[in-house]
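First comes the structure, then the notes that go with it.
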Amino acid sequence: MSKVKALFYRSLFWCFDFCVQCVLRSRKIWNIRGGPFQGMCWGSVANCSVLTPKLLGTYESELHVWLGQLPVFDLVIDIGAAEGWYAVGFLHRRLAQKVVAFEMAEAGRKNLLANVRRNAVPPDRIEIRGECTVAGLQTLLSSLPADPDFRLLIISDCEGFEGKLLDIQTLKLCPNAFFLIETHDYFVPGVRAGLAKALAMTHAVADLRPTRRRRQDISPNVPWLFRLPIISRLLMSERRCPDIGWLVATPKG
């Protein structure tokens, strides 16, 4: 009976998801209804993630408190920017003077540029690049001002490559940077612990894990239909691989 019940709910989810995707594709521009980037204009495509949690404002809500405590940055480096959730979001909230966004997928760069234009981001405030290599990142970091008051945030979501990209030599080039790193032990076992240990020498590090969404997480700006128990749970699902989390690091100095 349990298998039949599971199959029923899975079929229900697939049907519901198909209907949601049809609705989403009916419009080219949506407004984010809640969360740290509320009011931002967004397209109907998400690259390597799920769109509905972003539209509802519940996407990666585990990070919302930390994001709300951040200062304004002189530069944000977003590695694995996809369609620009953080790259455009930080500019939308005026939390960054400039963003350098790395995205290796052509489709991701195309959608990122579209979201930049939807939100009227001035071209000189964002630079969109392709694949981020260790050498390329180190060259960029070496070119930044040595001023200790220069505020830098590095965001990384690169499917397990974070351990190689943010190695000891790279970290030495940015001891005063803030970090938001999505870790992927599912792909590279031990990468979370290795990065946490390396960062702990110069940073206060918090290890955050995915939590179950609640109806209260949805903003009251969202229509009541989407806040109903079963519907809201389906819409907020981010469908993550197991053993994925985040390291957020703030410089001790």
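Data table
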{"read-out": "Selected residue [farther than 21 Å from residue 48 by Cα and over 17 Å from the mean Cα position of the chain (by Cα)] from 187, 150, 178", "value": "150"}
{"read-out": "Candidate set from the stretch 188-215 (those that are at pLDDT below 90 and farther than 14 Å from residue 64 by Cα); member that is surrounded by the fewest Cβ atoms within 10 Å (Cβ to Cβ)", "value": "212"}
{"read-out": "Those residues of the stretch 101-124 which are closer than 24 Å to residue 46 by Cβ, free of Cβ contacts under 8 Å to residues at least 60 places away in the same chain and exposed (fewer than 14 other Cβ atoms within 10 Å of the Cβ), in sequence order", "value": "106, 117, 120, 123"}
{"read-out": "Checklist (1) within 17 Å of residue 181 (Cβ to Cβ); (2) surrounded by 22 or more Cβ atoms within 10 Å (Cβ to Cβ); (3) at pLDDT 95 or above applied to residue 91, failing item", "value": "(1)"}
{"read-out": "Residues of the stretch 198-215 that turn out to be among the basic types (Lys, Arg) and within 16 Å of the chain's Cα centre (by Cα), as a count", "value": "1"}
{"read-out": "Residues within the stretch 181-198 that are closer than 27 Å to residue 149 by Cα and touching a helix residue (DSSP H, G or I) at 6+ places or on another chain (Cβ under 7 Å), tallied", "value": "3"}
{"read-out": "Boolean, residue 218 is at pLDDT 80 or above, under 25 Å from residue 179 (Cα atoms), of a type in the set (A, V, I, L, M, F, W, C) and crowded, with 16+ Cβ neighbours inside 10 Å", "value": "no"}
{"read-out": "Some residue of the stretch 122-142 being assigned to a loop (DSSP other than H, G, I, E, B) and among the aliphatic types (A, V, I, L, M)", "value": "no"}
{"read-out": "Unmet criterion (only one of (1) touching a Ser or Thr at 6+ places or on another chain (Cβ under 9 Å); (2) over 30 Å from residue 207 (Cβ atoms)) for residue 52", "value": "(2)"}
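The values are calculated or read from the model by the stated rules, or taken from the named source; none is laboratory data. Remember, predicted model here, so these are calculated numbers, not experimental data. So basically every Cβ, Gly included, is an ideal-geometry build from the backbone, and we count neighbours across all protein chains shown.
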